[in-house]
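Trainee: So that we are looking at the same thing, I have put the structure below in C-alpha cells.
Nothing in this text is a laboratory measurement; each read-out follows from the coordinates by a stated rule. The structure displayed is predicted, hence computed values, not measured ones. Cβ atoms come from the backbone with ideal geometry, glycine included; neighbour counts cover every protein chain shown.
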Amino acid sequence: MQSTPMTFCGQARTAFRRVNHEDCTDDGEQPGEQKNAIILKELNAVADEKGFPVYNVGMSDENDHHLTYIHLGIMASILLNSKAVDFVVTGCGTGQGALMSLNIHPGVVCGYCIDPADAFLFAQINNGNALSLPFAKGFGWGAELNVRFIFEKAFTGRNGEGYPPERKEPQVRNAGILNQVKAAVVKENYLDTLRAIDPQLVKTAVSGPRFQQCFFENCQDKAIEDFVRQIVA
C-alpha cells in the first residue's frame, strides 16, 4: 500500500441501545459515543507506524451531522474515485449496511471484516480498497484489541499475494474479472453515476467539514472536484 491517505468514515450512532458515555453494558459493549474514538485510535496506531495519513470523515459523536450507511457509500465512492484516498475503513451497527452501500458504487471493492483473518484474506485474495466493520454487533470486551489486530493484518505487507500462495494466479485473475464485470454494469462516466443519485443525499454526504478537508486537499480529479464544489455551493 502506498503512503497516500486512507480514511475512516463510520456512524457514531451504532449501539443497539443508548448508554451513557462513560458506561458499558453488562457484556462489556462499548457505548456508541465512544466507538469512533476507539476505532480511530487503533487505526492511527497502525497507520502511524507505516506513515499512512488518516482522515476521520464520518460521524465523530452523536452530535455530529447525521449520516446513514447510504451516505457512507457515497462518501467512500467520491474519495476513492477521485484518488483523494487509497483505502476506506467504514462500518455501521452490523457492518452489513455499509458493506452493501459501498459495493454498489463503481471503483469501490469493500470487504466485510469481523476478525484479523478476514482482513488478511481480503487483502491477499480480493485486494480491495475498503473494509466494513460491525460497530455494535459483537463489539464488546476487548473489541479494541480485535480492531487493532484487524488493521495490522489489513495494512501489513504486500496485498494480492494470494492464499494459499500457490492460488495467487487464479485469485488475482478472478478479482480482475469481477472489477471488469462491475465496470460493465455501471455508467461509463462516474459523474453520471453521481448525478443520478438524489442530490440531497449527495449534499449531505459531502457537507461535513472533515470530509471536505480530506477531499479538497487530496482530490486528483478536477471534474469530480468541480462537481462537489457545485453541490456544496
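Trainee: Output wanted: per-residue J couplings in Hz (rounded whole) for segment 81-90, from phi through Karplus 6.51 cos²θ - 1.76 cosθ + 1.60, θ = phi - 60°, x for Gly and Pro.
Mentor: Working through the residues one at a time gives 5, 8, 6, 5, 9, 10, 7, 10, 10, 9 Hz.
Trainee: Search the structure for amide H atoms under 5 Å from the amide H of F87, placed 1.01 Å from N in the peptide plane, and list their residues when 5 or more places away or on another chain.
Mentor: HN-HN under 5 Å from F87: T7.
Trainee: Through the Karplus equation 6.51 cos²θ - 1.76 cosθ + 1.60, θ set to phi - 60°, convert the phi angles of segment 204-210 into ³J(HN,Hα) values in whole Hz; use x for Gly and Pro.
Mentor: After applying 6.51 cos²θ - 1.76 cosθ + 1.60, I find 4, 5, 9, 7, x, x, 6 Hz.
Trainee: Go through L191, G95, V109 and say which Cα lies farthest out towards the positive end of the charge dipole of the chain; charges sit on Cβ, +1 for Lys and Arg, -1 for Asp and Glu.
Mentor: After comparing all options, I get L191.
Trainee: Sticking with this structure for a sec: So what are the ³J(HN,Hα) numbers for segment 66-77, from phi and the Karplus equation (6.51, -1.76, 1.60; θ = phi - 60°), rounded to whole Hz, Gly and Pro as x?
Mentor: For segment 66-77, the Karplus curve yields 6, 10, 10, 5, 5, 5, 4, x, 5, 4, 4, 4 Hz.
Trainee: Which of these values of volume of the Cα convex hull per residue in Å³ was calculated from the structure shown: (i) 124; (ii) 114; (iii) 140?
Mentor: (ii)
Trainee: Among 59-66, 104-111, how do they line up from the highest to the lowest mean number of other beta-carbon atoms within 10 Å?
Mentor: Packing proxy ranking, top to bottom: 104-111, 59-66.
Trainee: Can you classify segment 121-223 as rounded, prolate or oblate using the Cα gyration tensor, where a ≥ b ≥ c are the square roots of its eigenvalues, rounded means a/c under 1.5, and otherwise it's prolate if a/b beats b/c and oblate if not?
Mentor: Here segment 121-223 falls in the oblate category.
Trainee: Could you rank the peptides 178-187, 122-131, 138-147 by their average count of other C-beta atoms within 10 Å per residue, with the highest value first?
Mentor: Ranking the peptides 178-187, 122-131, 138-147 by packing returns 122-131, 138-147, 178-187.
Trainee: Related question: Would you count, across the chain, every pair of lysines whose alpha carbons are under 17 angstrom apart, provided the pair is eight or more residues apart or spans two chains?
Mentor: Lysine pairs, 8 or more places apart or on different chains, close enough: 5.
Trainee: Please list, in chain and number order, the residues 5+ apart from C92 or on another chain whose amide H is under 5 Å from its amide H, with Hs placed from the backbone.
Mentor: Amide H neighbours of C92: A98, L133, F135.
Trainee: Please work out the Cα center distance from segment 37-87 to segment 179-212, rounded to the nearest Å.
Mentor: 17 Å
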